[in-house]
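Here the structure comes first, spelled out in structure tokens, and everything after it is commentary.
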Amino acid sequence: MTWAPAGRDSHDIDALVTDRYLETLLAAHARGADAGPAPAEADPILRQTMTRLARDLPRFHPSFRFEEALADRLAAAAVRMRASTAELPTLTILPDGAIRIVPPGDLRVAMGRPLWIGGALTSAALSLAGAAFLAWRFRRPPASPMARAVRAVARARLS
Amino acid sequence: MARPAFRRVDRPEEGGLRLAPLDRDRDLVEAAQADPARFDALYRKYVAQVYSYAYYELRDHHEAEDATERTFMAALAGLRRFEERATPADGGGASTFRVWLFQIARNAVAERRRRLRRRPEAPLDAAEALPATTDVEGDAARRDDVAAAMRAIDRLPDDRRRAVILRFVEEMSTPEIAGILGRSDGAVRVLIHRALRSVARDLGDTRR
């Protein structure tokens with residue numbers, strides 16, 4: 001019968017002993033030490049296996065060409081990310097439906113309805129088309145009486 | 001936002017004890033979160049580890065390169081959402097970024113493996129790629145040892161094989177492996193212990 005503290009069976013104890021031995025072994029390898037750790041209570045067969053795996057399993061390195069190519073692709077992706085999160089100018093639609101481009105930090109936009117057009121620098125054509133569509137929607141007379149009433153209230157608040 | 005976690009570091013030249021970030025990659029991660037262009041430092045630090053892990057799992061250089069690329073692209077894209085979760089129990093050398101990165105790598109590799117299962121398995125030529133020295137007989141014996149060790153871990157069930165690769169090749173701690181595999185520390189210790197028993201039997205068989 002194997003003695004084991006409460007809550008742990010013999011498998012856990014053996015695994016813990018193996019883990020401690022392995023920790024010491026890998027630390028010795030990391031230091032570049034030739035000799036392994038002093039014999040402990042770990043199973044001698046497992047000790048031999050651990051020593052062998054630590055010695056025989058190599059670490060593979062990617063080719064220089066691949067590493068540099070991926071570094072370039074990551075750098076390009078990083079530039080795109082930076083551009084997309086940079087401060088963009090605000091396109092503001094005024095109450096009369098006119099469009100105004102407001103630089104970052106201009107607080108005078110409070111009089112209109114600000115719209116953030118994401119990626120305006122990289123997809124300017126799409127953004128301008130969207131802004132033109134919104135301006136057209138604002139100028140167009142509302143179809144329903146309710147929409148007309150809502151727009152009248154909004155204009156009254158802004159003026 | 002990263003949760004502050006510190007450890008005490010003995011620096012006599014700086015007047016004794018001082019506090020240092022618990023996660024050893026914290027400075028690099030914060031720099032990359034502020035400016036994605038600085039992700040390069042993290043990439044250079046871990047590209048070989050991720051690639052090596054992917055190669056052990058996929059046994060094909062092109063597939064390993066593909067999985068490595070997916071891993072780092074996903075890491076760069078998701079870096080702003082990364083949160084450090086180091087605790088004092090993780091120890092001074094802990095890197096929760098590395099755990100997070102390898103969680104991504106594990107998923108990328110698993111996706112490739114699922115696809116590769118429908119194709120013939122690539123031959124084991126890793127041992128042949130080892131650098132040669134002037135000791136021809138020694139080189140041959142070393143290649144045999146490496147091939148035998150790799151065959152032995154190839155025969156392990158997936159979870160045991162992953163744990164052994166992360167422990168022996170990547171030299172990760174048990175808590176780090178537990179974080180990557182989504183298991184408890186005790187479960188990882190038992191996985192490795194059982195894997196070693198299987199490998200011991202296997203290597204014993206191959207030596208006869």
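The residue of the stretch B:47-68 that is farthest from the other protein chains (Cβ to nearest Cβ), among those that are within 17 Å of B:F97 (Cα to Cα) and surrounded by fewer than 23 Cβ atoms within 10 Å (Cβ to Cβ), is B:Q49.
Hey, among B:E111, B:E83, B:E121, which residue is modelled with pLDDT of 70 or more, in a loop (DSSP other than H, G, I, E, B) and of a type outside the set (A, V, I, L, M, F, W, C)? None of the others qualify; the one that does is B:E83. Would you mention how many residues in the stretch B:184-193 are of a type in the set (D, E, K, R) and either touching a strand residue (DSSP E or B) at 6+ places or on another chain (Cβ under 9 Å) or facing chain A (nearest Cβ under 8 Å) (or both)? Residues flagged as of a type in the set (D, E, K, R) and either touching a strand residue (DSSP E or B) at 6+ places or on another chain (Cβ under 9 Å) or facing chain A (nearest Cβ under 8 Å) (or both) within the stretch B:184-193 amount to 1.
B:E176 meets the conditions (1) touching a residue at least 24 places away in the same chain (Cβ under 8 Å); (2) more than 14 Å from the chain's Cα centre (by Cα) in every case but one. The failed one is (2).
Could we say that A:L26 is at negative phi and at pLDDT below 85 here?
When the stated conditions are applied, A:L26 passes them.
Per the listing A:A15, A:A71, A:A83, A:A78, the residue uniquely within 27 Å of the chain's Cα centre (by Cα), at pLDDT below 90 and part of a helix (DSSP H, G or I) is A:A83.
Here's the yes/no breakdown for (1) part of a helix (DSSP H, G or I); (2) in contact with a Phe, Trp or Tyr (Cβ under 8 Å, 6 or more places away or on another chain); (3) crowded, with 20+ Cβ neighbours inside 10 Å:
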position	(1), (2), (3)
B:R151	yes, no, no
B:A163	yes, no, yes
B:E171	no, no, no
B:P175	yes, no, no
B:R183	no, no, no
B:G186	yes, no, no
B:A195	yes, no, yes
B:R201	yes, no, no
B:G204	yes, no, no
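The values are calculated or read from the model by the stated rules, or taken from the named source; none is laboratory data. All of these numbers come straight from a predicted model, not from anything done at the bench. Here the Cβ is made from the backbone with ideal geometry for all residues, glycine too, and neighbour counts use every protein chain on show.
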